[in-house]
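One structure is given below, encoded as C-alpha cells.
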Amino acid sequence: MTVLEFTAIVAIVSFVAGLLGSLTGLGGGVVLVPLLTILFHVDIRYAIGASLVSVIATSSGAAAAYVKEGISNIRIGMFLEIATTAGALLGAFLATRIPTSALAIIFGAVLLYSAYLSRKPRPLDQRSLPPDPLATSLRLNGTFPDLEGQRSYNVQHVPTGFSLMFGAGALSGLLGIGSGAVKVLAMDQAMRIPFKVSTTTSNFMIGVTAAASAGVYLSRGYVDPGLAMPVMLGVLGGSLLGSRILVKAETKSLRLVFSLVILVLGLQMLYKGLWGRI
Amino acid sequence: MPATPAPARHPHPFQPQPWRDRRLEIILGNLLRTGVLLSAAVVLAGACVYLVRHAHEPANYRVFRGEPSDYRTIPGVIRSVMNGRGRGLIQLGLLLLIATPIARVAFSIAGFAIERDRLYVAFTLIVLAILLYSFLGSGMGG
C-alpha cells in the first residue's frame with residue numbers, strides 16, 4: 001500500500017468510527033486501536049499513540065456544544081481530574097514497559113466490558129439522596145436543568161469514585177482510549193451523579209486526561225505523524241458531523257450494531273494477545 | 001463586570017454559584033473549540049506537504065521503530081518545521097492539540113480565583129502540575 005492509499009483508507013475508517021462513536025455515545029476511540037492493529041497491521045504502540053491524539057480532539061471539539069446545555073459540573077470535573085491525570089501518567093509509563101501481548105489482552109477485556117455495558121439499561125437516577133459530608137465540604141453537589149425545572153443532586157461515595165477514576169485514567173494512559181466504561185462505574189454507579197451531568201462532565205475530563213499521557217507518548221516516539229494525521233482528522237470530522245445530525249430514532253439499532261462491532265473486536269484482540277502475534 | 005454587592009466568602013456554602021460557573025464554562029468551551037480547529041488546520045497543512053512529497057512511497061507501520069528525535073521533542077519539531085517538513089508541521093499541530101486542554105486547566109485557575117475558591121485553585125494547580133510534568137518533564141523539552 002502506498003502512503004496516499006493508506007492515508008485515505010485510514011481517514012475514511014476513522015471518520016466512520018468517529019461518526020458512529022458520536023451517534024451512539026459509545027465513543028470512537030475504543031474501536032480505533034483494534035481496527036488499526038487487526039485490519040491495517042499497525043503496531044499496537046503506534047495505534048495507541050494515534051488514538052490518544054484523536055481522543056483529545058473529539059473531547060475538546062464536543063466541549064463547546066455540551067457547555068451550552070449548562071449541565072456539566074466543573075468542580076466535579078476538576079476534582080476527579082486529579083485522579084485521572086495521575087492515573088494517566090502511571091498508565092503511560094506502564095505502557096512503555098509491559099509486553100504488547102499483555103496490552104492486547106487488557107484491551108480485549110475492556111472492549112468486552114464496554115460491549116456488555118452498552119447493552120445494559122442505564123441505572124435510574126436516584127432522587128433526594130442525603131448529602132454526603134465529604135462531597136459537601138468539597139462543594140461537589142449541584143443542580144441541573146430538568147423537565148421540572150432545576151433539579152439538585154447530592155454526590156455520594158467520593159473516595160470510591162476518586163479511586164475508580166484513578167483506574168480510568170490509568171486505562172486511558174495505557175490503551176489510548178477515553179475509558180468511558182470505567183467512568184460509568186465511578187460517576188454513575190458509585191458517586192450517583194445524574195446521567196446527563198456525568199456524561200457531559202466526563203467528556204470535559206477526557207481531553208485533560210488524555211493530554212496527561214500524550215506528552216509521555218510523544219516523547220517516547222509513539223506518535224507517528226503519518227498515522228496520527230488521518231486518524232485525528234478523520235475522527236474529529238466524523239464526531240463533529242455526528243453531533244450535528246444526531247438522528248434520535250436511528251440510534252437504538254445503531255447502538256446494537258456498534259456494540260456488536262465492539263464485541264467482535266474485543267474477542268479478536270483477546271485472541272491476538274493470547275495466541276497470535278501483535 | 002457589572003457591579004455586584006460585595007459577596008460573603010461563600011454565600012451558598014453547599015452550592016456552586018451557577019451563574020459564574022456557567023459563564024466560565026462557556027469561555028472555556030470556546031477556548032477548547034478554537035484550539036482544536038487551529039490544530040486541525042495546522043495538521044491539514046502539514047498533511048498536504050507530506051502527501052505531495054511522499055504519496056507514492058510504501059506505507060509500513062507493522063514494525064515499531066519509534067520516531068526520530070525531530071518528531072519527539074519540542075525543539076526537534078520546531079527545527080523540522082523550520083526546514084519545511086510536512087511531518088514536522090503535523091507534529092506541531094498535534095502539540096497544539098495537546099496544549100489545548102492544558103490551557104483550559106490554566107484558565108480555570110483564574111476562574112476559581114475570581115470566585116475566591118481557594119480549595120479549587122489548589123486542586124487545579126495540582127492538575128496543572130501533573131500535566132506540565134508530562135508535557136515538559138518526560139523528555140519532550142529536548
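Results, tabulated for the structure shown:
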item: Spin-label pair B:Ala129/A:Trp275, simplified geometry with 7 Å Cα→Cβ offset, distance in nm; result: 5.0 nm
item: Among B:Ile102, A:Phe6, B:Gln91 the positive-end extreme of the charge dipole of the protein assembly as shown (Cβ point charges); result: B:Ile102
item: Positive-end residue of B:Ile78, B:Phe112, B:Asn60, charge dipole of the range B:34-137 with Cβ unit charges; result: B:Asn60
item: Cα gyration tensor shape for chain A, rounded if a/c is under 1.5, else prolate or oblate; result: prolate
item: Contour minus Cα-Cα distance for B:Leu37 and B:Ala113 (0.36 nm per residue); result: 24.5 nm
item: Gain upon complete extension [B:Ala45, B:Arg79; 0.36 nm per residue less C-alpha separation]; result: 10.6 nm
item: Chain A: calculated mean residue ellipticity at 222 nm from DSSP helix runs of at least 4, using -39500 (n - 2.57); result: -24000 deg cm²/dmol
item: Three-way shape call for the range A:152-200 based on the alpha-carbon gyration tensor, with the a/c threshold at 1.5; result: oblate
item: Stretch in chain A that is longest and holds no trypsin sites (Lys or Arg not before Pro) that DSSP places in a loop and that have at most 11 other beta carbons within 10 Å; result: A:128-276
item: Rounded tilt (10° steps) of A:225-245 against the dominant C-alpha axis of chain A; result: 40 degrees
item: Linear extension gain, A:Arg97 paired with A:Met1, 0.36 nm per residue minus alpha-carbon span; result: 31.5 nm
item: Overall form of the range A:114-257 per C-alpha gyration tensor (a/c, 1.5; a/b vs b/c); result: oblate
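Read-outs throughout are calculated quantities, based only on the coordinates presented, and are distinct from any laboratory measurement. All values derive from a computational prediction rather than experimental measurement. Virtual Cβ from ideal backbone geometry, glycine too; neighbours counted across all protein chains shown.
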